[in-house]
Amino acid sequence: MELIRPTPGAETLAAHQQRLGPLPAVGSGELIAELEASGLLGRGGAGFPVGRKWRAVAERSSGNAVVLANGAEGEPLSLKDRSLMASRPHLVIDGALLAARAVGANDIIFYVGGEHRAADAALRHALAERPADPRGRARIVAAPAGYVSGEESAAVHFVDAGDARPTTTPPRPFERGVGGRPTLVQNVESLALAALIARRGHAWYRGLGHDGARGIGLLTVSGAVNRAGVHEVAFGSTLSDAAAAAGGLNDDVRAVLLGGYFGGWADMDEQWGLPLDASSLRARGLALGCGVVHFLPAESCGVEATARIMTYLASQSARQCGPCVFGLAAIADATRRLAARSPQAGDLERIVRWSGELTGRGACRHPDGAVALLQSALQVFADDFAGHQRRRCLTVAARERVAVA
Amino acid sequence: MSDTILWYATRGAGVVSLVLLTGVVVLGIVSAMRWQTASWPRFLTTGLHRNLALATLVFLALHIVTAVVDPFTALGWQAALIPFSSSYRRLWLGLGVVAIYLLAAIVVSSLLRPLFGHSAWRAIHWLTYLMWPIAVIHGIGTGTDPRFAWMLGIEAVCIGSVVAAVAWRVSGVSHTAWRQVPAASPRARKWS
Amino acid sequence: MGETIQIDRIRCDGHGLCAELLPELITLDDWGYPIIAAAAIPPSLVDHARRAVDACPVLALRLASMTAVMQKR
């Protein structure tokens, strides 16, 4: 287990250094090349190649760049970032230090969700264990709770002005971020993996993984499993492997939510043997995102689950852009009416139309993500949605058939 | 005599300016209220607002120039440029000069809006609510003629329409209230 | 290459003058906010586009060259 310790509690600096040795003295250009060769993809949700991102910041830095380690973890179904920070904070710190060296940064900010107490405590303690040099350049900033607080421009905006709402881009943080300086906003798991690749080389990372897939990563498995929680897997493992790692299923499963609320539904009948790696998923229009794998039990209604998610996402709008505020609210209202089997005429048509109109019409990707989730639900639960528009729930009907039989 | 012509020109241009300015203010409020019908689009309101404002400047120029060169008033340019520096009707005339400066700021910031940016432009534009009353008071105070009924009528209509428009504005619903997170909501604290 | 209309989504207050002045490229959604065609502005409409950009009460619009926009992506 590279990223999370098998036992609870944070790894001390001594244990960390004994296990992994000192931070390698690899130069900036060499380190970026290693990351690019490794094919490491970002773990915050967007899956952007890590090496390319570091290079983009390094190119614009005149030694004044900023590293923002993103541990906000606003996605409700995700637990991996807080678990990683609480378990191996020194790995995250190593990653941030290496990033600072690579991009020419003198300032390191750990942006940690304020409600992730164990992670915050572990990071503070770990920073205090470090000698004065890295400690003086680093600080921890408590991210406010809220779904969009972890968005990269929101993180920069909060550090600059105490306002965790996304800003209009361009310019993106890698061009102008904290204090107007080029800023690397990188998920803490990505930084931890970078710290391992720096020590062991890109070939080590590429060698992990099954069947042509590369690397390892953290998944948060939840839903109809026996041991919900954070599990480390090698990519190329399938959904059934992920379920097995979480103690196996404890119910029939209708669908799985991949990537959290910013991801999408996948039909279990088709995807059971689905390899969890970026290219296989992309070929099916799916993505691992932040690594959430949520198994929806067969007795749960997909329309109801979707209505709850859309209501949450609408409530989490930063309220800066009309299409997001009004569009998501209208979609959430109509989806809730459908879920309650008391829709207005044309509700289903309306949410299909609205979901076609919202993408790209906000300052950030929040409405895009919400719409993508809805569209995946409309596809995977097509029959259920059609039934609900006619005031019938297929899931309830199936349950009643089972009860009668 | 030419003196009388100048005097009438000053008074006439002044009245026309007041009427035009009143129209500009009312149209500005109509624009802010986002009023429109199928045959009266928003851009018609904003276009008229702009064009009437520029027309007002023409009549104001006439009003000021004829007043300054009129030998009867013996004003001189200093009186027109420095508020409250004339010997003739110092207070009321001075108010007119103040109104001109306020209007100049509003017009310049509007013509150069991209340079000023939206916030600065908006802040200066609110000076209209100071500028227009001052202009009206200037008009009432500098009048030397007996109060003709038609003059009183024009003033009443101008004041009445602006009062009505402002009342409409104040009673109207905000079109941007949706941006506020309700203060009582726990989310209000979540952005900072 | 051509120009396209860029919009500051946070600034936009849904006034809708842009859609009045450039209906060929801008329509309003159910709540009065603009849906803007992303393509390059046809040369015959460039003047109208400029007028639409100037008409925005909150300066949320601007014309940008397509090459600059593509490079950003």
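Observations on the model:
- So B:TRP121, is it among the aromatic types (Phe, Trp, Tyr), closer than 26 Å to C:LEU63 by Cβ, without any contact (Cβ under 8 Å) to a residue 60 or more places away in the chain and surrounded by 13 or more Cβ atoms within 10 Å (Cβ to Cβ): yes
- Residue list for the range B:29-43, restricted to those being in a loop (DSSP other than H, G, I, E, B) and either at the interface with chain C (Cβ under 9 Å from one of its Cβ atoms) or within 23 Å of the chain's Cα centre (by Cα) (or both): B:MET33, B:ARG34, B:TRP35, B:GLN36, B:PRO41
- Screening the candidates C:ALA40, C:ALA52, C:ALA19 for the property of being more than 7 Å from every other protein chain (Cβ to nearest Cβ) and modelled with pLDDT under 95 yields one hit, C:ALA40.
- Test for A:VAL256: is it assigned by TED's automatic domain parsing to the domain that holds A:LEU98 and within 18 Å of the chain's Cα centre (by Cα): no
- Filter pass, A:GLU152 being surrounded by 16 or more Cβ atoms within 10 Å (Cβ to Cβ) and within 22 Å of the chain's Cα centre (by Cα): yes
- Test: residue in the range A:32-52 that is farther than 26 Å from A:SER87 by Cα, small (Gly, Ala, Ser), without any contact (Cβ under 8 Å) to a residue 40 or more places away in the chain and in a helix (DSSP H, G or I): yes
- Boolean, A:PRO144 is farther than 27 Å from A:GLU34 by Cα, within 14 Å of chain B (Cβ to nearest Cβ) and either out of contact with any strand residue (DSSP E or B) (no Cβ under 7 Å at 6 or more places or on another chain) or aromatic (Phe, Trp, Tyr) (or both): yes
- If you go through the range A:218-251 and pick out every residue that is hydroxyl-bearing (Ser, Thr, Tyr) and under 17 Å from A:LEU77 (Cβ atoms), you end up with 2.
- Highlighted here are the helices (runs of 4 or more DSSP H) found entirely within the range B:105-192 that include at least 3 residues which are modelled with pLDDT of 95 or more: B:118-125, B:128-142, B:149-171.
- Candidates in the range A:28-50 are the residues that are farther than 16 Å from A:LEU98 by Cβ and small (Gly, Ala, Ser); of these, the one that is surrounded by the most Cβ atoms within 10 Å (Cβ to Cβ) is A:GLY44.
- Any hit, the range B:117-133, residues being among the polar types (S, T, N, Q) and more than 14 Å from chain C (Cβ to nearest Cβ): yes
- C:ILE41, sole failed condition from (1) within 17 Å of A:ARG361 (Cβ to Cβ); (2) in a loop (DSSP other than H, G, I, E, B): (1)
- Search result, residues across the range A:355-405 that are away from every other protein chain (no Cβ under 12 Å), touching a Pro at 6+ places or on another chain (Cβ under 8 Å) and of a type in the set (D, E, K, R): A:ARG391
- Matching residues, the range A:119-140, being farther than 17 Å from A:HIS16 by Cβ and surrounded by 15 or more Cβ atoms within 10 Å (Cβ to Cβ): A:ASP120, A:ARG137, A:ILE140
- Of all residues in the range A:357-405 being within 25 Å of C:ALA39 (Cα to Cα) and of a type in the set (Val, Ile, Thr), the one that is surrounded by the most Cβ atoms within 10 Å (Cβ to Cβ): A:VAL371
- Single residue of the range C:22-37 satisfying the filter (buried (at least 18 other Cβ atoms within 10 Å of the Cβ) and in a loop (DSSP other than H, G, I, E, B)) that is nearest to the other protein chains (Cβ to nearest Cβ): C:TYR33
- Every condition in (1) out of contact with any Gly (no Cβ under 7 Å at 6 or more places or on another chain); (2) away from chain C (no Cβ under 14 Å); (3) among the aliphatic types (A, V, I, L, M) holds for A:VAL352 except the one numbered (2).
- The residues on offer are A:ASP133, A:ASP120, A:ASP160, and the sole one that is part of a helix (DSSP H, G or I), over 23 Å from A:LEU313 (Cα atoms) and within 14 Å of chain B (Cβ to nearest Cβ) is A:ASP160.
- Of all the criteria given as (1) away from chain B (no Cβ under 14 Å); (2) not in a loop (DSSP other than H, G, I, E, B), the one not satisfied by A:SER149 is (1).
- Test: residue in the range A:200-214 that is farther than 30 Å from A:PRO22 by Cβ, modelled with pLDDT under 95 and part of a strand (DSSP E or B): no
- The criterion of being part of a loop (DSSP other than H, G, I, E, B) and more than 11 Å from A:VAL303 (Cβ to Cβ) does not hold for A:CYS324.
- Criterion (exposed (fewer than 15 other Cβ atoms within 10 Å of the Cβ) and either assigned to a helix (DSSP H, G or I) or at pLDDT 95 or above (or both)) met by exactly one of A:ALA15, A:ALA58, A:ALA25: A:ALA15
- For the range A:163-192, a tally of residues being within 14 Å of chain B (Cβ to nearest Cβ) and in contact with a Pro (Cβ under 8 Å, 6 or more places away or on another chain) returns 1.
The values are calculated or read from the model by the stated rules, or taken from the named source; none is laboratory data. Here the structure is a predicted model, which is why all the values come from computation and not from measurement. Cβ coordinates were reconstructed from backbone atoms using ideal geometry, including for glycine residues, and neighbour counts include every protein chain displayed.
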